[in-house]
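**Q** Sharing a structure with you now.
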Amino acid sequence: MVYIGVDLHRKTTQVAAVNGGGELLVNRKVPTSGPDILRVFGEVAAEATPTAVAFEATFGWGWFADLLRDAGIEVHMAHPLATKAIANARVKNDAVDAKTLAHLLRAGMLPEAWAAPLEVREARRLVRMRTSLVRMRSRIRAQVHAVLAEHGVATPMSDLFGKEGRRLLEELRLPELSQGRLEACLRLIDDLGKEIEIADTEILARFETDPRTRRLLPIPGIGPTIAAILLAEVWDVSRFPSAEHLCAWAGLTPTERSSADHTRRGHISKQGSRWLRWVMVEAAVRALGNPQLGVFYTSIEKRRGSKIARVALARRLLTLAYYALRDEGGCRAFPVPTEIPRGRARSLIDMASRGTAAIAD
């Protein structure tokens, strides 16, 4: 069998291949294009078959994984941090990295990450794009508040960008440059609002009929958008043998340093899906109204403070989400109701029609 390590970059790619005995067959730099890379694979495939390829989870890896799958080649995507921990060397360059990947794959020591298929990557791109648009709009809204504060303009309404607030902004007359910046910000806010509505409609089309969405919505703090982000990031919950593994993948478990009888736990690792970690913390803020979860939050807040309590609640919610995704009846603490209570789970299409800026209910 031929084991191939690929150090993928935007312009050039290093390809190294070893056989079953560990003998180096080729270690060559080629242009980063499908035909050029496959040509090297074809040269070494004559040595032995089948062929397995290992590459690191780097920027823009999706097309390469799809290329390998379409060619019928066994795909292995390495976890970058774990790979560096195993193969830390004094001399580090592309040739060494590619060869190391090939040898780790041959020895069965390659720390693998899940190479999400195209369908999952497209779903993630959709929800992440919506989140980015909302963040852009929030930053521009903050600029509007800054302009008004600079000129001492009072804003008595709670929502400056509601009907009354927009009326105030449109009737306002500031110095020429500030007025121009204000009007530019309002135009951008309106344009972003339209794009967010389009994204909400696309999220609706993809996730509203998914039975997993219905199992997630009864959990406090999880609305339609948070459910969509959670599904896109996790997708196949069977990848995780337990809720603890899912929380670790989201970076919501503490780091640990142990030696002999001494164990020290630190802050959460923050490794894994930063999108999932962030959205579960958002869900935790919205779940405080639930009596059961509110007591859990308060008990930790008294001892450790609000920030740690919020993260602990986020982990609890992700644990509940794990069981909701795993079991058809949802999690036992918050099972799927026979009839969804009015107002509990707004339709995504209703969300889109009103152009909501919130990430969740």
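**Q** Are any of the pairs K92/K270; K270/K302; K163/K302; K11/K84; K29/K84 more than 32 Å apart by Cα-Cα distance, and if so, which?
**A** Violating the 32 Å Cα-Cα cut-off are K163/K302.
**Q** For Cα extents along the principal axes in Å, the listed values are [x] 80, 52, 32; [y] 63, 45, 39; [z] 75, 55, 43; which was obtained by calculation from the structure presented?
**A** So the structure-derived entry is [z].
**Q** In segment 4-71, which GluC sites (Glu not before Pro) fall in coil by DSSP and have 13 or fewer other Cβ atoms within 10 Å?
**A** Here the sparse-neighbourhood loop sites are E23.
**Q** In the chain, once you exclude exposed trypsin sites (Lys or Arg not before Pro) (DSSP loop, at most 14 other Cβ within 10 angstrom), what's the longest stretch remaining?
**A** 174-269
**Q** Helix-derived [θ] at 222 nm for the chain: sum -39500 (n - 2.57) over DSSP H runs of at least 4, divide by residue count, nearest 500?
**A** -17500 deg cm²/dmol
**Q** Another question, if that's okay. Note down the magnitude of the dipole of the chain about its Cα centre, charges +1 on Lys and Arg C-beta and -1 on Asp and Glu C-beta and zero elsewhere, to the nearest 20 debye.
**A** Charge dipole of the chain: 1260 debye, to the nearest 20.
**Q** What accessible surface, in Å², does a 1.4 Å probe find on E208, ignoring ligands, DNA and RNA and rounding to the nearest 10?
**A** Counting only protein heavy atoms, E208 exposes about 90 Å² to solvent.
**Q** How about segment 291-327: which chymotrypsin sites (Phe, Trp or Tyr not before Pro) there lie in a loop by DSSP and see at most 14 other Cβ atoms within 10 Å?
**A** Working: sites: F296, Y297, Y322, Y323; in loops: none.
Of the chymotrypsin sites (Phe, Trp or Tyr not before Pro), not one in the loops of segment 291-327 has a Cβ with at most 14 other Cβ atoms within 10 Å.
**Q** So, for segment 64-208, what is the accessible surface per residue at a probe of 1.4 Å, expressed in square angstrom?
**A** 58
**Q** Could you please state how large a percent of the accessible area of the chain is carbon and sulfur, counting protein chains only and using a 1.4 Å probe?
**A** 51
**Q** While we're looking at this one, here's another question. Starting from segment 291-341, pick out the GluC sites (Glu not before Pro) whose DSSP state is loop and whose Cβ has at most 16 other Cβ atoms within 10 Å.
**A** Passing sites in segment 291-341 are E328, E339.
**Q** How tilted is helix 176-207 with respect to the longest principal axis of the chain? Cα atoms for both, answer in degrees (0 to 90, nearest 10).
**A** Compared with the principal axis, the helix lies near 60 degrees.
**Q** Can you give me the long-range amide H partners of L25? Hydrogens built in the peptide plane at 1.01 Å from N, cutoff under 5 Å, separation of 5 or more residues or another chain.
**A** Hits under the 5 Å cutoff: A17, V18, N19.
The values are calculated or read from the model by the stated rules, or taken from the named source; none is laboratory data. Keep in mind that this is a model prediction, so the values were computed, not measured. We place every Cβ from the backbone using ideal geometry, glycine too, and count neighbours over all the protein chains shown. In case anyone asks, the SASA skips ligands and DNA or RNA and just uses the protein heavy atoms, side chains included. Shrake-Rupley method; radii C 1.70, N 1.55, O 1.52, S 1.80 Å.
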